[in-house]
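Everything below concerns the one structure shown next.
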Amino acid sequence: MMRDNDLVLPLALTMGEPSGIGPEITLKAWIERGSRSLPPFFVVGDASLYRETALCLGIDVPVREIDVPKEAVTVFPDALPVLPSPILLAEKPVSGLLSAANAAAVLSSIDLACDFVLQDKAAGIVTNPIHKRALYEAGLTMPGHTEYLAERSGGATPVMMLSCPGLRVVPVTVHLSLRAAVAALSVQKIVGQGVILARSLARDFGIARPRIAVAALNPHAGEEGHLGREEIEIIAPAIKAMQAQAPNAEIRGPAPADTLFHAAARKHYDAVLCMYHDQALIPLKTIDFEHGVNTTLGLPIVRTSPDHGTALDIAGSGRAHPGSLIEAIRMADGIARCRAAAT
């Protein structure tokens, strides 16, 4: 793993939406640092948020402010390290209630965490969930975290991979209606996502010869055109192009989606390239709802996130489960180690 002055670089966690469950799951992840063998991490944000959340929930977590990321390594065993961002919270957050006044602090946390990784002061960034409406009202023009970080880190093409133990999936189209998703499919789009996936599996996960299954769009993979021609006209040509552009990967398909995700089938591939959002997310969340991780492939920085939202409905109740955040932290650490070992 990357080192700075002979110290392992810590991971930078963003604050996320302060009125959501981010503060709670961050505190709970720190509590489980020993039992889950978590790497050192620190939060970029407002220390008062974590002190008050711990007090309100009756969670015994000491919080200590740090001045530079590398201090987190020595502080982490005994306290949750928090590095204040340039813009702190404008209003005291109320659990479950959004405030556009705090949007600048949320974005400031993301910006500084990203800068630390770009400057090799942190090993990677783990983003706590944001609430897009609050940020849109404050002037954010990007669709979300992924696009924002892609632009800030150099304008790379980002690819969203969701994973849980035993399954990795990449949806070629994401937040589109089913009608719009089908219309948006193209050879170029599938190839672009698939090649980045193949290269990332090798670089970020140490899989020398990645095995990628490409899901069909239509039932029974189109039944040779009788149930749809997308497999013949779009997906099969895309697979051929991917095989040429990523010769070190085994890329197969189009495979009928209804037989692609059972336990025996999952042993034969390292990831599935899916055609639309629910084709990827339904099997993932059915297999393991509480430990899903969102990883952004194709960026020069390491970025992961829990595969859930701000959960405003349970914020402040003490019922938030930290499993997805914990796995996101572990995933970011593993990717950082793979990249460091390759340099």
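The values are calculated or read from the model by the stated rules, or taken from the named source; none is laboratory data. This structure is a prediction, so every number in the text was calculated from the model and none was measured. Here the Cβ positions follow ideal geometry from the backbone for every residue, glycine too, while neighbour counts run over all protein chains shown. Heavy atoms of the whole protein, side chains included, go into the accessibility calculation; ligands, DNA and RNA do not. Shrake-Rupley method; radii C 1.70, N 1.55, O 1.52, S 1.80 Å.
Some notes on this structure:
- Scanning region 174-193 for residues that are touching a strand residue (DSSP E or B) at 6+ places or on another chain (Cβ under 9 Å) and modelled with pLDDT of 95 or more returns ALA181, ILE190, GLY192, GLN193.
- Scanning region 108-146 for residues that are touching a residue at least 60 places away in the same chain (Cβ under 8 Å), open to solvent by 30 Å² or more (accessible area, probe 1.4 Å) and in a loop (DSSP other than H, G, I, E, B) gives ASP120, LYS121, HIS131.
- Filtered residues of region 87-107 (kept if open to solvent by 10 Å² or more (accessible area, probe 1.4 Å) and either outside any loop (DSSP other than H, G, I, E, B) or closer than 23 Å to PRO300 by Cβ (or both)): VAL94, LEU97, ALA100, ALA101, ALA104, LEU107
- Condition check for ILE31 on (1) closer than 26 Å to PHE205 by Cα; (2) open to solvent by 50 Å² or more (accessible area, probe 1.4 Å): one failure, at (1).
- Scanning region 295-328 for residues that are basic (Lys, Arg) and open to solvent by 30 Å² or more (accessible area, probe 1.4 Å) yields one hit, ARG319.
- Test: residue in region 174-186 that is under 16 Å from the mean Cα position of the chain (by Cα) and either closer than 30 Å to PRO10 by Cα or open to solvent by 60 Å² or more (accessible area, probe 1.4 Å) (or both): yes
- The selection criterion, being of a type in the set (Gly, Ala, Ser), farther than 30 Å from GLN188 by Cβ and in contact with a Leu (Cβ under 8 Å, 6 or more places away or on another chain), holds for GLY316.
- Taken over region 70-86, residues that are closer than 20 Å to GLY22 by Cα, assigned to a loop (DSSP other than H, G, I, E, B) and in contact with a strand residue (DSSP E or B) (Cβ under 8 Å, 6 or more places away or on another chain) amount to 3.
- Among all positions in region 275-286, there is no residue which is within 15 Å of the chain's Cα centre (by Cα), of a type in the set (A, V, I, L, M) and not in a helix (DSSP H, G or I).
- When restricted to residues that are open to solvent by less than 10 Å² (accessible area, probe 1.4 Å), in a loop (DSSP other than H, G, I, E, B) and either among the polar types (S, T, N, Q) or at pLDDT below 95 (or both), region 194-243 contains 0.
- Inclusion of GLY298 among residues that are more than 22 Å from SER35 (Cβ to Cβ) and in contact with a Leu (Cβ under 8 Å, 6 or more places away or on another chain) is not warranted.
- Candidate set from region 51-69 (those that are in a loop (DSSP other than H, G, I, E, B) and hydrophobic (A, V, I, L, M, F, W, C)); member that is most open to solvent (accessible area, probe 1.4 Å): VAL68
- Of all the listed residues (ALA271, ALA280), the sole one being small (Gly, Ala, Ser), over 19 Å from ASN218 (Cα atoms), touching a residue at least 24 places away in the same chain (Cβ under 8 Å) and surrounded by 20 or more Cβ atoms within 10 Å (Cβ to Cβ) is ALA271.
- Close contacts from region 304-332, counting a first residue that is touching a residue at least 24 places away in the same chain (Cβ under 8 Å) and a second that is part of a helix (DSSP H, G or I) and open to solvent by 10 Å² or more (accessible area, probe 1.4 Å), with Cβ to Cβ under 6 Å and a gap of 6+ residues or different chains, come to THR304/MET331; GLY318/LEU57; PRO322/LYS28.
- Long-range neighbours under 8 Å by Cβ, at least six apart or interchain, first residue in a loop (DSSP other than H, G, I, E, B) within region 26-50, second open to solvent by 10 Å² or more (accessible area, probe 1.4 Å) and of a type in the set (Val, Ile, Thr): PRO39/VAL8; PRO40/VAL8; PRO40/VAL73
- Near pairs, Cβ below 8 angstrom, 6+ apart or cross-chain, from region 58-86 (among the acidic types (Asp, Glu)) to any residue that is open to solvent by 60 Å² or more (accessible area, probe 1.4 Å) and outside any loop (DSSP other than H, G, I, E, B): ASP78/ARG64
- Region 152-173: number of residues that are open to solvent by less than 30 Å² (accessible area, probe 1.4 Å), touching a strand residue (DSSP E or B) at 6+ places or on another chain (Cβ under 6 Å) and not hydroxyl-bearing (Ser, Thr, Tyr): 6
- Condition met for VAL63 (among the β-branched types (Val, Ile, Thr), more than 26 Å from GLU137 (Cβ to Cβ) and touching a Lys or Arg at 6+ places or on another chain (Cβ under 7 Å)): yes
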